[in-house]
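Worksheet: one structure, shown below.
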């Protein structure tokens with residue numbers, strides 16, 4: 001993430017230290033990890049070590065999700081540049097199930113390994 005990109009996100013990720021607890025290590029690295037997961041579609045456990053421990057990155061992602069940080073950031077980005085709001089990414093991934101999952105005729109019956117042969 002470039003310094004200009006980080007300057008956009010950093011105001012939304014400041015911690016309220018009045019509650020106590022351990023200070024955050026590196027929100028920039030965590031945000032980079034979240035964006036890597038979103039960009040690649042990989043499982044959380046496959047997050048490269050350069051972004052930190054996958055469970056910590058996931059935990060912070062969930063905290064930001066439950067507290068509404070993502071909605072606030074998207075709303076602020078849309079207000080800052082209305083033209084960019086039209087360019088937000090929409091995931092249109094299509095997952096197709098095998099015919100066996102849809103109840104297709106199978107002959108012979110599926111084996112114990114779950115492999116089916118279509119008739």
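Hey, can you tell me all the residues within the stretch 29-53 that are free of Cβ contacts under 8 Å to residues at least 12 places away in the same chain, more than 21 Å from residue 3 (Cα to Cα) and in a helix (DSSP H, G or I)?
40, 45, 46, 49
Determine the pairs where a residue that is in contact (Cβ under 8 Å) with a residue 60 or more places away in the chain, located within the stretch 55-74, has a partner that is assigned to a helix (DSSP H, G or I) and surrounded by 15 or more Cβ atoms within 10 Å (Cβ to Cβ) with Cβ atoms under 8 Å apart, the partner being 6 or more residues away or on another chain.
Pairs found: 72/12; 73/9; 73/12.
Which number in (1) surrounded by 11 or more Cβ atoms within 10 Å (Cβ to Cβ); (2) under 13 Å from the mean Cα position of the chain (by Cα); (3) modelled with pLDDT under 90 marks the one condition that residue 47 misses?
Unmet for residue 47, out of (1) surrounded by 11 or more Cβ atoms within 10 Å (Cβ to Cβ); (2) under 13 Å from the mean Cα position of the chain (by Cα); (3) modelled with pLDDT under 90: (3).
The values are calculated or read from the model by the stated rules, or taken from the named source; none is laboratory data. Everything numeric here is computed off the predicted structure, so don't read it as measured data. Glycine also receives a Cβ, built like all others from the backbone with ideal geometry; neighbour counts cover every protein chain displayed.
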